[in-house]
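Enquirer: What follows is a structure written as structure tokens; I'll ask about it next.
The values are calculated or read from the model by the stated rules, or taken from the named source; none is laboratory data. Remember, it's a predicted structure, so these values are computed and weren't measured experimentally. Here Cβ is always computed from backbone atoms with ideal geometry, including for glycine, and neighbour counts include all displayed protein chains.
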Amino acid sequence: MNDEEDFHLLFNGYVRPHMEYCVQVWSPYLKNDIECLEKVQRRATKLVKGLKNKSYPQRLTLLYTTSLAKRRTRGDLIQVFHILNGIDGVEKEHFSNWMMVAATV
């Protein structure tokens, strides 16, 4: 890849949608699964000309993007907001019961 614009077009258009599809439902919680997903973005950012020898956090900063873990957290927060405000059609009682069960695990 030649520059950041190519990276954004290709990665955001073709790769990330597959990695983030319904992520709030299947969200990985095992460290190995999280690292496996992050590895895809880590490797893709190395393909941008001039960024290969920089650290992963530096590459993310230079490309104006965030880690997939941070994007999943953001998505989770948006999902909770939608549930609590009745946007999703999920009854708050079901959500709060699920949260009680999740907290005991």
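Enquirer: Of these, Leu68, Leu37, which one is in contact with a Pro (Cβ under 7 Å, 6 or more places away or on another chain) and either modelled with pLDDT of 90 or more or buried (at least 16 other Cβ atoms within 10 Å of the Cβ) (or both)?
Expert: Values: Leu68 fails: in contact with a Pro (Cβ under 7 Å, 6 or more places away or on another chain).
Answer to the selection: Leu37.
Enquirer: Would the stretch 7-19 turn up any residue that is more than 25 Å from Val90 (Cα to Cα), surrounded by 16 or more Cβ atoms within 10 Å (Cβ to Cβ) and among the charged types (D, E, K, R)?
Expert: Yes; the residues of the stretch 7-19 include at least one that is more than 25 Å from Val90 (Cα to Cα), surrounded by 16 or more Cβ atoms within 10 Å (Cβ to Cβ) and among the charged types (D, E, K, R).
Enquirer: Something else now. For Glu5, state whether it is assigned to a helix (DSSP H, G or I) and modelled with pLDDT under 80. Give the derivation first.
Expert: Numbers: assigned to a helix (DSSP H, G or I): yes; modelled with pLDDT under 80: no.
Spelling it out, it is not the case that Glu5 is assigned to a helix (DSSP H, G or I) and modelled with pLDDT under 80.
Enquirer: Continuing with this model, one more query. Being β-branched (Val, Ile, Thr) and outside any helix (DSSP H, G or I) is the filter here, so list the residues in the stretch 58-90 that pass it. Steps first, answer last, please.
Expert: Initially, the stretch 58-90 is screened for residues β-branched (Val, Ile, Thr), giving 61, 65-66, 73, 78, 80, 83, 87, 90.
Within the stretch 58-90, Thr65, Thr66, Ile87, Val90 qualify.
Enquirer: Identify all residues within the stretch 71-105 that are of a type in the set (Gly, Ala, Ser) and at pLDDT 75 or above; write none if there are none.
Expert: Answer for the stretch 71-105, where residues must be of a type in the set (Gly, Ala, Ser) and at pLDDT 75 or above: Gly75, Gly86, Gly89.
Enquirer: Please go through the stretch 12-57 and give me each residue that is part of a loop (DSSP other than H, G, I, E, B), touching a residue at least 40 places away in the same chain (Cβ under 8 Å) and among the polar types (S, T, N, Q), ordered by number.
Expert: Ser27
Enquirer: Can Glu91 be described as of a type outside the set (Gly, Ala, Ser) and either loosely packed, with under 14 Cβ neighbours inside 10 Å or without any contact (Cβ under 8 Å) to a residue 40 or more places away in the chain (or both)? Reasoning before the result, please.
Expert: Working: of a type outside the set (Gly, Ala, Ser): yes; either loosely packed, with under 14 Cβ neighbours inside 10 Å or without any contact (Cβ under 8 Å) to a residue 40 or more places away in the chain (or both): yes.
In short, yes.
Enquirer: Could you grab me the full set of residues in the stretch 1-54 that are within 15 Å of the chain's Cα centre (by Cα) and of a type in the set (Asp, Glu)?
Expert: Across the stretch 1-54, the qualifying residues are Glu20, Asp33, Glu35, Glu38.
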